[in-house]
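Structure, as C-alpha cells:
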Amino acid sequence: MVSIIKEVNKDLNKNMFLQNLLKKEVILKIVRVSEPLQSRRKNEEFIYIDFEVLSDFEGYFTQNKKETYNIKGEIISIGFTLSEVNENKEYRITKGKNIFNILNYALKIKHMIPINNSSSFFIAYDELYEALNGLEFKATSTEVKSRDFNNYLKLEVVE
C-alpha cells in the first residue's frame, strides 16, 4: 500500500506562523531535528527543527495567498541558533537563545535535568536530539523587544 510521506510545507512563512500564534496556543510535535549547520555570520552553528501542527490552527500563513486556512497536519521548519562548539563538543545554551525555552522543557520532560531548572546549560548534539525528537508540547509565540536588533517573535512552550 502506498503511504504519503509528510514533508515541510515550503509555502508556510515562519514569521506569519509566529504572528498568527501570538496570544494563541497550538499543539506541536517535533518530527525532525537537522544536523548542526555552520552559520555564515559568526562561529555559531544552527539547526532546523520541523514542527507538525497537531491541532486546528487557522490564519494567514503564506505570502501569496490572501485567505485564511487551517494548517492542522502541516509541517513548518524553523531555524534555531545554538552557539560555537566548545572543546567538549558541547553547545552553551543560555536563557537568551530562542531554543532555550523549548530545549529546557524537553530536557525536564525526559528527566535529563532537574524539573525546576531555569539556568543555562551545556549540551552535546546527541543529547539535544534525544531531548527534542518526537516532543509534543503546547506552543505560543511572544514578542522579544530588542535594543540591538528589530523586535522579533519567538516560539515558546506553554507549561
inquiry  = Under 10 °C and 1.306 mPa s, how fast does segment 24-78 diffuse according to Stokes-Einstein, given a Kirkwood radius computed over C-alpha pairs? Answer in µm²/s, whole number.
reply    = 122 µm²/s
task = Among the chymotrypsin sites (Phe, Trp or Tyr not before Pro) in segment 61-159, which ones are in a DSSP loop with at most 10 other Cβ atoms within 10 Å of the Cβ? Mind listing them?
result = PHE149
ask   = How large is the accessible surface per residue of the chain, computed with a 1.4 Å probe and reported in Å² as a whole number?
value = 63 Å²
request  = Roll a 1.4 angstrom probe over the protein heavy atoms and tell me the percent of accessible area of the chain that is carbon or sulfur.
outcome  = 46 percent
query = Going by accessible area, probe 1.4 Å, with all protein chains left in place, what is the ranking of VAL8, VAL157, largest first?
reply = VAL8, VAL157
key: HN-Hα J in Hz across segment 40-55 - Karplus 6.51, -1.76, 1.60, θ = phi - 60°, x for Gly and Pro   = 7, 7, 9, 7, 6, 10, 9, 10, 9, 10, 9, 10, 8, 7, 9, 10
request  = Identify the GluC sites (Glu not before Pro) of segment 22-80 meeting these criteria: DSSP loop state and at most 10 other C-beta atoms within 10 Å of the C-beta.
outcome  = GLU67
request  = From the P(r) of segment 44-102, can you give the percent of Cα pairs sitting at distances over 12 Å?
outcome  = 74 percent
query = segment 113-159 to segment 1-75: how many Å between their Cα centroids?
reply = 16 Å
Fluctuation leader among ASN116, ASN101, ASN13 - the chain, Gaussian network, Cα springs under 10 angstrom = ASN116
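Calculate for the chain the 222 nm mean residue ellipticity that helices alone would give, adding -39,500 (n - 2.57) per DSSP H run of length 4 or more and normalising by residue count, nearest 500 deg cm²/dmol.
The helix-only estimate for the chain comes to -4500 deg cm²/dmol at 222 nm.
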ask   = Expressed in nm to one decimal, what extension gain is obtained for the pair VAL158 and SER118 from 0.36 nm per residue of sequence separation less their Cα-Cα distance?
value = 12.9 nm
request  = Can you check what the Kirkwood hydrodynamic radius comes to for the chain, Cα pairs only, in Å to one decimal?
outcome  = 16.6 Å
query = Once the piece of chain linking LYS6 and ASN133 is laid out straight, how much longer is it, given 0.36 nm per residue of separation minus the C-alpha distance between them?
reply = 44.1 nm
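The values are calculated or read from the model by the stated rules, or taken from the named source; none is laboratory data. As the structure is a prediction and not an experimental result, all values here were calculated from the model. For neighbour counting, all protein chains shown are included, and Cβ atoms are generated from backbone atoms with ideal geometry for every residue, glycine included. For accessibility, only protein heavy atoms count, side chains too; no ligands or nucleic acids. Shrake-Rupley method; radii C 1.70, N 1.55, O 1.52, S 1.80 Å.
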